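Okay, so here's the structure we're looking at.
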Amino acid sequence: MKISIIIPVYNSTLYLKQCVESILAQTYHNFEILLVDDGSTDDSPMICDEYAQKDDRIVTIHKQNGGTSDARNVGLEKASGDYITFMDNDDYWSDPDALCDIIKVISETEPDVVMHANMVYWQDKNRTVKPSSFDRTLVSGKKRKEAVENLIKAGMLSVTVWTKLVKTSLIREHDLYFKKGIRNEDTDWIARMLIYAERFEWYDKPFYVYRKGHETAQTSQKMKYYMVNDLKNIIIEYTQYAEKYLDQEYRKVFYAYLAYPFAVWMGQAYLIEQDEQIKNDREIMKKYAYLLTYDINPAVRMVHRVYRILGFGLTSRILMLYIKKVYYS
């Protein structure tokens, strides 16, 4: 079984070698790495080419800068593996046996999606935070509603695509490509994946290391209006889709997925300059506050409790302060 790992590359001279080497160290060898150079202006293109020359499992694709979504889509078009996963060019894998173990999981149940947790490495603090454990039996062999519900209840359904391995045939059959030009492309893509995927699996040993706390990390960038506007549009689009197309029971679980990005939007909307546009958006989004009632996610449940006491405005300000402390301090 072949695994495709798609890595958009943009000006990552400092971290790219560690990223690629951590995959090459895997004890499972049937994989391909697609390095999609998205118009880098540093030495990243040269590093990509050097790796492609040294190992025929590595494919380098050079393209004009078009953003993460565009780069991932190019990788999706070229991928030849049975399953596809993603990686950011400043992250790395810590366990050389990870792919070997995941292949065993896939071979047992042939799921549409295998999910796993990730560690967080705070580079500025030289500190690694490990996730909680999760019981695979709560997902493996379960019907879609129960599997997704159990993941959300445990707070383990991440809105990042690099914590998932997805069957290539599912991606091709349902055109699961990334929307170009938006900030919250992962949240959008996972929403569509949850609509079409039926069988899920879980791999519990964390190996993906998400690097934060450096100057090029997305969480180090100042919040801008288009970023929260993207999230607003995603919430509205998929709430309306679920109401129209999903059966009543799965719709509740899907709303529970959307409740977390809704809470994130509430806080982020107060991180940008308070102009008339964002004030109008807040009035629009108050109509979707009912998503907080689908509070099986522990984090959403806490937000919902505060919301019932303090209302939309004060809860949003508290969330804004929390986001500032956790992501920008």
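The values are calculated or read from the model by the stated rules, or taken from the named source; none is laboratory data. Values in this document were obtained by computation on a predicted structure and should not be read as measured data. Because the Cβ atoms are built from the backbone with ideal geometry, glycine has one as well, and the counts that use them run over all protein chains shown. Side chains are part of the model used for accessible areas, which takes the heavy atoms of the whole protein and leaves out ligands, DNA and RNA. Shrake-Rupley method; radii C 1.70, N 1.55, O 1.52, S 1.80 Å.
Relative to the longest principal axis of the Cα atoms of the chain, the long axis of helix 185-196 makes an angle of roughly 90 degrees. Helix 98-109: angle to the longest alpha-carbon principal axis of the chain, degrees 0 to 90, nearest 10? That helix lies at roughly 70 degrees to the long axis. Ligands, DNA and RNA are left out, and with a 1.4 angstrom probe the accessible area of the chain is 45 Å² per residue. A protection proxy built from the mean count of other Cβ atoms within 10 Å ranks the segments 15-22, 259-266, most packed first, as 259-266, 15-22. What's the carbon and sulfur percent of the chain's accessible surface, probe 1.4 angstrom, rounded to a whole number? After summing per-atom areas, the C and S share lands at 49 percent.
Go through 6-13, 53-60 and give me the packing order, highest mean Cβ count within 10 Å leading.
6-13, 53-60
Using Cα-Cα distances under 8 Å and only pairs 6 or more residues apart, what relative contact order does the stretch 79-212 have, in percent? Walk me through the numbers on the way to the answer.
Values: 204 pairs, mean separation 63.4, N = 134.
Once normalised by length, the contact order is 47 percent.
Subtracting the Cα-Cα distance of T13 and R136 from their residue separation scaled by 0.36 nm leaves 40.6 nm.
Can you give the helix-only mean residue ellipticity at 222 nm for the chain, where every DSSP H stretch with n ≥ 4 adds -39500 (n - 2.57) and the sum goes over all residues, rounded to the nearest 500 deg cm²/dmol? Here the helix-only value at 222 nm equals -15000 deg cm²/dmol.
By a 1.4 Å probe calculation restricted to protein chains, L14 has an accessible surface near 150 Å², given to the nearest 10.
If a paramagnetic tag sat 7 Å from the Cα of R57 along the Cα-Cβ line, which residues of the stretch 9-45 would have the backbone N under 16 Å from that point? Output list for this probe position: 18-35. Judged by the gyration tensor of its Cα atoms, with axes a ≥ b ≥ c, the stretch 3-133 is oblate; a/c meets the 1.5 cut and b/c is at least as large as a/b.
Between 0 and 90 degrees, the angle of helix 298-328 with respect to the longest Cα principal axis of the chain falls at about 40 degrees.
Counting only heavy atoms of the protein chains and using a 1.4 Å probe, K142 has close to 70 Å² of accessible surface. Taken along the Cα-to-beta-carbon direction at a fixed 7 Å, the label points for L310 and K324 span 1.3 nm. Exceedance of the 23 Å cut-off in Cα-Cα distance is limited, within the set K232/K287; K232/K286; K145/K212, to K145/K212. Maximal additional length on extending the V159-K104 stretch stands at 17.3 nm, based on 0.36 nm per residue less the C-alpha distance.
Return the Rg/Rh value of the chain, two decimal places, where both radii are evaluated on C-alpha atoms and Rh is the Kirkwood radius.
On the way: Rg = 19.6 Å, Rh = 20.6 Å.
Value, to two decimals: 0.95.
For E283, the solvent-accessible surface with a 1.4 Å probe is about 110 Å², rounded to the nearest 10.
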